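Computed from the coordinates by the stated procedures, all read-outs in this text should not be read as laboratory data. Computed from a predicted structure; not experimentally measured. Counting neighbours? That spans all protein chains shown, and the Cβs are built from the backbone with ideal geometry, glycine included.
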Amino acid sequence: MIRVLIADDHTLVRDGLRHILESAHGFEVTGEAADSAGALTLVRTHDAEVILLDLSMPGRSGLDMIKQIKDEKPALRILVLTMHAEEQYAVRAFKSGASGYLTKESAAAELVAAVTKIAVGGVYVSLTMAEKFALNLNAPQTALPHQQLSDREFDVFKRLVAGVSISEIANQLCVSSKTVSTYKTRVMEKLQISTEAALIRYAIKHRLFEDEPDL
């Protein structure tokens with residue numbers, strides 16, 4: 001029996017994931033959480049082999065959560081389940097310690113296969129994402145400016161492009177507005193951009209944050 005934790009801020013999504021796993025048999029959902037703080041409590045108080053982790057829950061960024069979970073429970077395997085189909089998110093998630101990356105548009109059978117594989121020590125990535133990785137192998141190796149951003153800077157960049165205000169970002173990430181402003185300044189310096197409009201143009205040009213869900 002593979003024990004699974006679910007961390008997602010949408011009740012319907014959690015219910016759907018639980019139903020898929022329990023209908024497949026061989027899985028037991030031992031706990032659920034709706035935000036990053038709840039997810040950490042879940043990890044600390046429940047034993048499991050796998051956690052399904054949404055990248056866009058209220059509170060700390062998903063990438064920060066991956067690192068924290070791996071620090072506290074190294075043996076717990078993390079399957080990122082998200083709306084972000086962009087390769088940049090997947091690369092950062094794996095570097096942070098994730099064992100699998102799946103978009104929420106994936107079929108139920110793929111979810112079951114992914115959980116099963118990473119529970120026994122494997123790594124899972126969807127066919128579409130694997131193709132993107134393969135194509136990138138033949139791309140020029142010169143890093144683009146946004147690839148030089150830290151995970152937190154990248155997260156703030158994403159939220160700015162989505163039109164979220166400094167104060168709202170601060171509230172979402174549980175930091176001060178001054179801290180967010182500092183991250184914003186670093187992002188603009190690294191991208192060599194001077195206005196928020198230019199940030200949006202940069203994101204569009206490089207096809208970042210496409211089909212972005214509401215934050």
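Determine which lysines satisfy two conditions relative to Lys158: a Cα distance under 16 Å, and not lying fewer than 8 residues away in the same chain.
Lys184, Lys190, Lys205
Could you work out the relative contact order of the chain, using alpha carbon pairs under 8 angstrom and six or more residues apart, expressed as a whole percent?
This gives 17 percent for the chain.
Pop out the ³J(HN,Hα) list for the range 198-206 in order, Karplus 6.51 cos²θ - 1.76 cosθ + 1.60 with θ = phi - 60°, rounded to Hz; leave Gly and Pro as x.
Going residue by residue, I get 5, 4, 5, 4, 4, 4, 5, 4, 9 Hz, with x marking Gly and Pro.
Applying 1/(1 + (r/R0)^6) with R0 = 25 Å to the Cβ-Cβ distance of Val13 and Ala130, what FRET efficiency is obtained, to the nearest 0.05?
0.55
Using the Karplus equation 6.51 cos²θ - 1.76 cosθ + 1.60 (θ = phi - 60°), what ³J(HN,Hα) coupling, rounded to whole Hz, does each residue of the range 106-113 give in order, writing x for Gly and Pro?
5, 6, 4, 5, 6, 4, 4, 5
Considering the Cα positions of the chain, please state its Rg to one decimal place and its Dmax as a whole number of Å.
For the chain, the Cα radius of gyration and maximum Cα-Cα distance read 17.4, 54 Å.
Evaluate the distance, in nm, between pseudo-label points positioned 7 Å from the Cα of Glu22 and of Val175 along their respective Cα→Cβ axes.
3.8 nm
Would you mind checking the radius of gyration and Dmax of the range 145-205 based on alpha-carbon positions, in Å?
Answer for the range 145-205, Rg first and Dmax second: 10.5, 30 Å.
Once you charge only the Cβ atoms, +1 for Lys and Arg and -1 for Asp and Glu, what is the size of the charge dipole of the range 145-205 about its Cα centre, to the nearest 20 debye?
That gives the range 145-205 a dipole magnitude of about 100 debye.
From the phi angles alone, apply the Karplus equation (6.51, -1.76, 1.60; θ = phi - 60°) to the range 38-51 and give each ³J(HN,Hα) in whole Hz, x where the residue is Gly or Pro.
Those phi angles translate into x, 5, 5, 4, 4, 4, 6, 10, 10, 8, 7, 8, 9, 10 Hz.
Once amide H atoms are placed 1.01 Å from N in the peptide plane, what residues at a sequence separation of 5 or more from Val29, or on another chain, have their amide H within under 5 Å of its amide H?
Amide H neighbours of Val29, under 5 Å, 5+ apart: Val4.
List the residues whose amide H sits under 5 Å from the amide H of Thr103, counting only those 5 or more places along or on another chain, with H placed 1.01 Å from N in the peptide plane.
Correct list: Thr82.
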